[in-house]
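Asks: Sharing a structure below in structure tokens format, with a few things to ask.
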Amino acid sequence: MLRFSLGIAALASIHSFPLIASADGMRLEDTIVTASRSEQKSSEVLGDVSVISQEQIQRAGQSSVLELLGREPGIEIMHNGGLGKSTDIFIRGANSTHTLVLIDGIRVSSATSGTTAIQNISLNQIDHIEILRGPASSMYGADAIGGVIQIFTKSGKGQPRLQASAGLGTYGTAIGDIGVSGRISDTSFSLQAGATHTHGVSAYNRHHRNYNPDHDGYRNQNLNARITQHLSEHHELGFNAFISDNKNFHDGAVRANEYYGEQTLSSYTVHSKNRFTDNWTSTLSIARSMDDLASYSKSATATSRDTIKTTQDQYLWQNTVTTDLGVFNAGLEYRKQKVESNADLAEDRRNIRSWMAGWQKQFDRHGLQMNLRNDDSTQFGDKTTGSINYGYHITPQLRAGAAFGTAFAIPTFNQLYSPLNPAFNYIGNAELRPEESRNKEISLQYDNGTHQIGAIYYHNEVDNLIANSRSLVNGVNRLMPTNINEAVLRGLTLSYKGNFTDWRLYGSADLQRPEDRGDTTSGNLLPRRAKAHANFGVSRTWQSFELGSELEASSYRYDNINNTPSSRMSGYTLVNVYANYRINPDWTLNARVNNLFDRHYELAQGFSTLGANLFVSLRYAPAF
């Protein structure tokens with residue numbers, strides 16, 4: 001199973017105010033793709049975007065992508081018990097199924113859960129990450145109500161070189177990777193391989209009825225390969241394969257049994273990128289991605305096995321044309337989803353045909369971006385979404401902005417067609433309708449190249465919100481998903497990044513109200529989301545040595561939509577510290593302690609989190 005790098009395309013020519021290097025290490029030639037589906041200078045991006053660069057990944061010494069994402073504004077992370085366990089990502093208070101995750105432009109997700117198992121994507125495969133907060137269905141289709149996280153895997157450039165790292169940590173954690181990348185003549189290539197192993201902790205904590213005081217371990221083996229043939233200065237043909245193979249242990253109802261899952265995420269893609277004229281770039285890509293999960297319950301006498309596999313075939317043709325009137329994007333997309341399972345689903349496939357169009361322009365002090373998209377599903381018919389973003393430079397460093405956008409999410413196959421699950425008395429509902437949202441936001445951003453300050457207020461109304469409720473099915477009370485709820489996601493995100501000679505600082509605070517508007521639960525907080533969440537970090541460099549500290553704080557949350565007192569989870573404050581020592585230009589030693597003061601807290605009620613933990617790694621990465 002494998003995977004790609006969609007090499008979406010583009011040229012972007014925009015003028016007005018000059019690009020200035022940002023405080024998070026972005027270079028002058030860097031561009032951002034996710035905010036418009038075409039390349040843009042970072043200073044001209046109108047959406048609410050942040051970038052996690054390769055420099056940040058290596059400097060912070062994190063052992064997982066979730067630790068990195070958890071530092072970003074507008075994002076809350078929930079996981080069920082340690083490294084590799086199932087994860088939810090909430091952007092601006094929206095549901096986890098409202099976060100669209102792309103890997104090099106391709107969906108690698110489950111059509112039954114509606115999410116991507118991002119906890120199984122290893123840092124050694126990642127070059128950088130772009131995060132777009134706010135509805136983005138007008139560019140990417142269904143499921144992008146909260147936002148988009150796009151992961152770009154490593155590619156080949158420059159002189160060929162070898163990279164490798166190895167690390168050990170508490171809880172029996174060991175991580176290693178090796179890779180080679182570069183360009184030889186007209187061929188660029190990258191090959192990355194890695195492995196992770198941890199004993200972990202018990203997935204359930206002692207407050208859960210199925211608590212088992214064993215270690216629920218996790219292992220991951222991964223491979224990413226990319227090769228691009230540059231046929232000429234303006235034409236290229238490429239192939240990318242991505243594989244992440246995982247085994248994850250967890251607790252279950254019978255303590256004597258062994259419960260575990262084996263999951264493989266994979267994709268492979270072929271793309272052709274062609275610059276036919278000075279102002280027209282066309283990209284054609286064909287991709288297949290898979291999420292293949294097998295769940296096991298093993299007793300002394302027998303082993304039961306449940307399987308579910310999502311296969312998505314994705315075809316994209318996108319064109320970017322740069323003119324004096326602005327940058328125009330237009331494209332066609334076709335996606336086929338198929339589910340194979342030992343469970344009996346009433347429907348197991350759907351097709352989505354889409355067209356999209358976009359326009360962006362910088363003129364004088366003004367910036368404007370508009371996007372329109374239509375998605376026609378064989379299950380739910382067609383849905384058109386749109387967005388408009390406007391920015392005005394009060395000064396070259398200070399910009400005010402406003403945006404409006406619509407988005408939607410289609411029900412998962414589990415929500416629609418799940419057969420009766422006796423353990424939870426749960427059954428699917430084939431009458432579900434897509435969720436729909438309307439978002440308005442205003443912003444003020446300051447960037448002088450050394451300091452970045454942002455303030456964004458958003459108000460996102462979600463209709464037909466899907467929530468589980470008790471319903472009579474054939475005279476029996478069942479737990480069933482229904483479109484009974486509406487939600488209002490409103491909040492203020494404040495952020496800062498800055499450099500002071502040898503000091504680096506960053507901070508963000510999210511003051512939000514992700515509110516349910518159901519008939520009986522109006523005004524309640526949506527499950528596992530806090531009213532307030534904040535991150536702060538500071539680091540100091542002395543020649544070859546860097547020392548840093550991070551703080552993460554969250555207010556209380558509830559584990560259910562009814563906000564019952566028994567489901568309340570207390571707020572928490574965590575402190576992490578890290579140190580980097582550059583032994584020489586090629587070798588770096590990293591050490592990190594997470595949860596320094598060993599705080600006990602919950603992200604999901606009844607599930608464990610890690611106490612104080614140490615991870616130390618040695619990296620070999622020769623400079624160009």
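Quick note: the coordinates plus some simple rules give every number you see, no bench work behind them. Just so it is clear, the model here is predicted, and its values are computed rather than measured. All Cβ positions, even for glycine, are placed from backbone atoms using ideal geometry, and neighbour counts span all protein chains on display.
Asks: Could you list I131, I227, I184, I103 in order of exposure, starting from the residue whose Cβ has the fewest other Cβ atoms within 10 Å?
Replies: Details: I131 23, I227 17, I184 10, I103 31.
Placing the least packed residue first, the sequence is I184, I227, I131, I103.
Asks: Would you mind getting me the FRET efficiency between H235 and A402? Use the beta-carbon distance for r and R0 = 41 Å, nearest 0.05.
Replies: Values: r = 40 Å, r/R0 = 0.96.
Here the calculated transfer efficiency is 0.55.
Asks: Please go through the stretch 459-527 and write out the GluC sites (Glu not before Pro) that DSSP classes as loop and that have at most 10 other C-beta atoms within 10 Å. Each step should come with its number before you reach the end.
Replies: Numbers: sites: E461, E486, E515; in loops: none.
When the GluC sites (Glu not before Pro) of the stretch 459-527 are filtered for loop state and at most 10 Cβ neighbours within 10 Å, nothing remains.
Asks: Which of the GluC sites (Glu not before Pro) found in the stretch 374-447 are in a DSSP loop and have at most 14 neighbouring Cβ atoms, other than their own, within 10 Å? Numbers along the way, then the final one.
Replies: Numbers: sites: E431, E435, E436, E441; in loops: E431.
Of the GluC sites (Glu not before Pro), the ones in loops of the stretch 374-447 whose Cβ has at most 14 other Cβ atoms within 10 Å are E431.
Asks: What is the gain in length, in nm to one decimal, between T450 and A346 on full extension, counting 0.36 nm per residue of separation less the C-alpha to C-alpha distance? Show your work: numbers first, answer last.
Replies: Details: separation 104, 0.36 × 104 = 37.44 nm, distance 5.67 nm.
Stretched out fully, the T450 to A346 stretch lengthens by 31.8 nm.
Asks: Going by amide H atoms built from the backbone, whose H comes under 5 Å of the H on N485, apart from near neighbours?
Replies: Amide H neighbours of N485: L465, A467.
Asks: On to the next question. For the stretch 229-253 and the stretch 342-403, compute the distance between their C-alpha centroids and round to whole Å.
Replies: A separation of 26 Å, based on Cα centres.
Asks: According to the Cα gyration tensor, what semi-axes, each the square root of 5 times an eigenvalue, does the equivalent ellipsoid of the chain have, listed from largest to smallest in whole Å?
Replies: 35, 30, 26
Asks: Which FRET efficiency value, to the nearest 0.05, do you get for R206 and D313 by plugging their Cβ-Cβ distance into 1/(1 + (r/R0)^6) with R0 = 56 Å? Let's see the in-between values first.
Replies: Working: r = 45 Å, r/R0 = 0.81.
According to the calculation, E is roughly 0.80.
Asks: Let me ask something else. Using amide H atoms built 1.01 Å from N in the peptide plane, name the residues 5+ places from I121, or on other chains, whose amide H lies under 5 Å from its own.
Replies: none
Asks: Do any trypsin sites (Lys or Arg not before Pro) in the stretch 164-264 lie in a loop, going by DSSP, with at most 13 other beta-carbon atoms within 10 Å of their beta carbon, and if so which?
Replies: On the way: sites: R183, R206, R209, R219, R226, K247, R255; in loops: R206, R209, R255.
Passing sites in the stretch 164-264 are R206, R209, R255.
Asks: Tell me, W503, W355 in order of fewest to most beta-carbon neighbours within 10 Å? Provide the component values of the computation, followed by the final result.
Replies: Working: W503 11, W355 14.
In order of increasing Cβ crowding within 10 Å: W503, W355.
Asks: Additional query: What FRET efficiency comes out for A553 versus E461 if R0 is 35 angstrom and r is the Cβ-Cβ distance? Round to the nearest 0.05.
Replies: On the way: r = 28 Å, r/R0 = 0.80.
Using R0 = 35 Å, I get an efficiency of 0.80.
Asks: Could you give the nm distance between label points at L492 and S299, where each point is 7 Å from its Cα heading toward the beta carbon?
Replies: Taking the two extended label points, one gets 5.8 nm.
Asks: Sequence gap at least 6, Cα distance under 8 Å: using those rules, report the relative contact order of the stretch 31-620 to the nearest whole percent. Can you show the working numbers first?
Replies: Numbers: 1721 pairs, mean separation 66.8, N = 590.
This gives 11 percent for the stretch 31-620.
Asks: What list of ³J(HN,Hα) values in whole Hz, one per residue of the stretch 55-63 in order, does the Karplus curve 6.51 cos²θ - 1.76 cosθ + 1.60 (θ = phi - 60°) give from phi, with Gly and Pro shown as x?
Replies: In residue order, the calculated couplings are 4, 5, 4, 6, 5, 6, x, 5, 9 Hz.
Asks: Please give the length that would be gained between N474 and Q543 if that part of the chain were fully extended, namely 0.36 nm times their separation in residues minus their C-alpha to C-alpha distance (nm, one decimal).
Replies: Working: separation 69, 0.36 × 69 = 24.84 nm, distance 7.18 nm.
Fully extending the segment from N474 to Q543 adds 17.7 nm.
Asks: Sticking with this one: Calculate for the chain the 222 nm mean residue ellipticity that helices alone would give, adding -39,500 (n - 2.57) per DSSP H run of length 4 or more and normalising by residue count, nearest 500 deg cm²/dmol. Kindly include the intermediate steps, with their values, before the conclusion.
Replies: Values: 4 runs with 21 residues, N = 624.
Dividing the helical sum by the residues of the chain leaves -500 deg cm²/dmol.
Asks: Something else now. If each residue of separation counts as 0.36 nm, what is the full-extension length gain between D324 and D214 once their alpha-carbon separation is subtracted? Provide the component values of the computation, followed by the final result.
Replies: Values: separation 110, 0.36 × 110 = 39.60 nm, distance 6.47 nm.
This chain segment gains 33.1 nm when fully extended.
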